[in-house]
Amino acid sequence: MIPETSLILFKPDAIEKNLVGTVLARFQAEGFVIRGLKMMQLDEAILADHYSHIADKPFFPAIVEFMSKTPVVALALSGEDVITRVRDLLGPTDSQAAAKGTIRGDFGEDKMVNVCHASDSPEAAAAEIKRFFKDGEVFAL
């Protein structure tokens, strides 16, 4: 049986600050297993799909601009209760409200510049993994 899998996107701030390895090491220290990993440039179509729930908001263009300014790293990460545990490790979406010791508390700046996106439910994870990984790019270990 394959344990729960989550999608994590290392955002442009993580890329620019060279935090991918540091943050990935925190995830691996928790015993999570990498099932898929790749760098990719996000275009407006994939961002419109990924953020469809907020596409009508006035801040949506700023999100598209931010998320497409550098490539991102997409990570499919598995482990017991990985979705909840990764979100706990990250801290709240607003980095300014995140406690020191959490990833966002240590490295984030605000609600958008906050190091990583992480799936918030098994249903979201399944859809997001399918959105960012092609068939054969996520491996059962």
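Read the figures in this text as sums done on the coordinates, not as results from a lab. These numbers were taken from a predicted model, which means no experiment stands behind them. Backbone-built Cβ (ideal geometry, glycine too); neighbour counts: all protein chains shown.
Figures for the structure shown
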read-out: MRE, 222 nm, helices only [DSSP H, n ≥ 4, -39500 (n - 2.57), over the chain, to nearest 500]; value: -10500 deg cm²/dmol
read-out: Distance (nanometres) between label positions extended 7 Å along Cα→Cβ at Ala55 and Glu109; value: 2.7
read-out: Ascending count of other beta-carbon atoms within 10 Å, so fewest first, for Ile129, Ile63; value: Ile63, Ile129
read-out: Under 24 Å, Cα to Cα: Lys pairs in the range 1-120, sequence gap 8 or more or different chains; value: 14
read-out: Cβ-placed point charges (K, R +1; D, E -1), dipole of the chain about Cα centre in debye, nearest 20; value: 280
read-out: Sorted by Cβ density within 10 Å, fewest first, the residues Ser52, Ser119, Ser6; value: Ser52, Ser119, Ser6
read-out: Footprinting exposure proxy for Phe10, Phe59 (fewest neighbouring C-beta atoms within 10 Å first); value: Phe59, Phe10
read-out: Gain in span if fully extended, Glu30 to Ala97, counting 0.36 nm per residue against the direct Cα distance; value: 21.8 nm
read-out: Over the range 35-79 - Rg/Rh using Cα atoms and the Kirkwood inverse-distance radius; value: 1.04
read-out: For the chain, projected area of the alpha-carbon convex hull averaged over all directions, nm²; value: 8.0
read-out: Dipole axis of the range 9-55 (+1 Lys, Arg; -1 Asp, Glu on Cβ), positive-most option in Asn18, Ala45, Phe32; value: Phe32
